[in-house]
1. Just to be sure I understand, how many residues within the range 125-155 are of a type in the set (A, V, I, L, M) and over 30 Å from Q172 (Cα atoms)?
2. If we keep just the residues of the range 116-163 that are assigned to a helix (DSSP H, G or I) and of a type in the set (A, V, I, L, M), which is surrounded by the fewest Cβ atoms within 10 Å (Cβ to Cβ)?
3. Look through the range 17-58, keep the residues that are charged (D, E, K, R) and assigned to a strand (DSSP E or B), and return whichever of them is nearest to Q302 (Cα to Cα).
4. If you go through the range 97-113, how many residues are modelled with pLDDT under 95 and under 21 Å from E197 (Cβ atoms)?
5. Are there helices (runs of 4 or more DSSP H) fully within the range 289-349 with at least 1 residues that are without any contact (Cβ under 8 Å) to a residue 40 or more places away in the chain? List them.
6. Can Q165 be described as of a type in the set (S, T, N, Q) and touching a Pro at 6+ places or on another chain (Cβ under 9 Å)?
7. Quick check: anything in the range 257-270 in the same structural domain as D322 (by TED's automatic domain parsing), in contact with a Leu (Cβ under 7 Å, 6 or more places away or on another chain) and at pLDDT below 95?
Amino acid sequence: MLLIKNGKVYLGQGRYEAGWDVLCDGAVIREVGPGLSADGAEVIDAAGRDVYPGLVLGLCAVGAVAFSEGFEQWDMNEAVNPVNPQMDIRHAFDLRELKLQRFGRAGVTSYGLCPGTQALVAGQVSLIHVDGERTADVFLAEHIALKGNYTQSVKDRYKGKGAPQTRMAMYQMLDETFRAAQEYMDKEEKEYDEGKEVLCRVLRREIPFAVSATTPGEVESVVQIGKKYNLRLVITGAYGAENMAGEIMAQGWHVMLGDSSYMMAGVKGHTDHKKLVELYRKGLKMSLFCSGDEGYPPAYEQVWWTAAEMSAAGATGAEIMDMVTIEPARALGVDHLVGSLEAGKQADIIICRGNPAERFDNYIDQTIVAGRPFYAREGK
């Protein structure tokens, strides 16, 4: 057992409780409250520090990039066909690559391991921990979402191969893909098709369609597809999504805002962070993303740059911490596992010197993954 004592514990939606404890029983939280004790438990004194749930990085391809092989093959992108709903990201995962990363230093304890950005329908997403001895240790939930891309990357990858070269062609192919799956689902007798079975789960709203759209025009087209087939959309990147906020909010969809400094994406998409803060307070479902589905370079720490942009735009530290913990967990449908400090959830915890979303010198002192100490900051 692991007992974190005397911390200022964050319970979400701006609520803190000073002097509270968190008791972890193996990989899960047993109890959160004041005055907890357990015989034989390892004790961490968090007096004078803040205790938060570990960050949930919405989508990230790190672990499937083939980084450990020197980028010889980017395993997160299947390039034979632009529509690959049956692909399972687990079979691109390399535990060695995960172990080379420093997610713990940034406070990231879990993320949606996803295919990359080069296929229109790229494959299925899994939730994984950032630490474990075996592959089986890190996979928390599988097939939790279907990853799609409605971006320039798709057109660039399949240039000259008879695949979409324009936004209108991407829309047409996506429309045909869901229409064929709808017809398949409506048949009483049919020959089993694994890809269409996955698409049927999306059509039945069992899992979200997490689709990258990085300009206002792309977002608008994705919104039209989502409305036509009544999907559970998670729009990632989403630069300029505030222009379609009314329809997104009316549908109850989620915006996973990317790092707007990456490749000048925010400038190209005319992202208005102040407007997004206003919309969030009016009910827009939003989390902070970091464009990590592009591969290794943008990966994990950039989520704090996005947090800094939101802070500059007026978001409170508590709002930002929700945007990097419980909000992405809800978007992916895994909030019963991660995203907050509650009994029964994974014991994924960060201990900080203040709220790290408010100041860069509010360091993350310790990161705990599945009840195991994973990272400790050295020095003062």
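The values are calculated or read from the model by the stated rules, or taken from the named source; none is laboratory data. Because the structure is a prediction, the values reported are computed rather than measured. Reconstructed Cβ throughout: ideal geometry from the backbone, glycine too, with neighbour counts over all protein chains shown.
1. 7
2. A136
3. In this case the residue turns out to be D50.
4. Of the residues in that region, 0 qualify.
5. On the way: elements: 302-312, 317-323, 326-331.
Of the helices (runs of 4 or more DSSP H) lying wholly inside the range 289-349, those with at least 1 residues that are without any contact (Cβ under 8 Å) to a residue 40 or more places away in the chain span 302-312, 317-323.
6. no
7. yes
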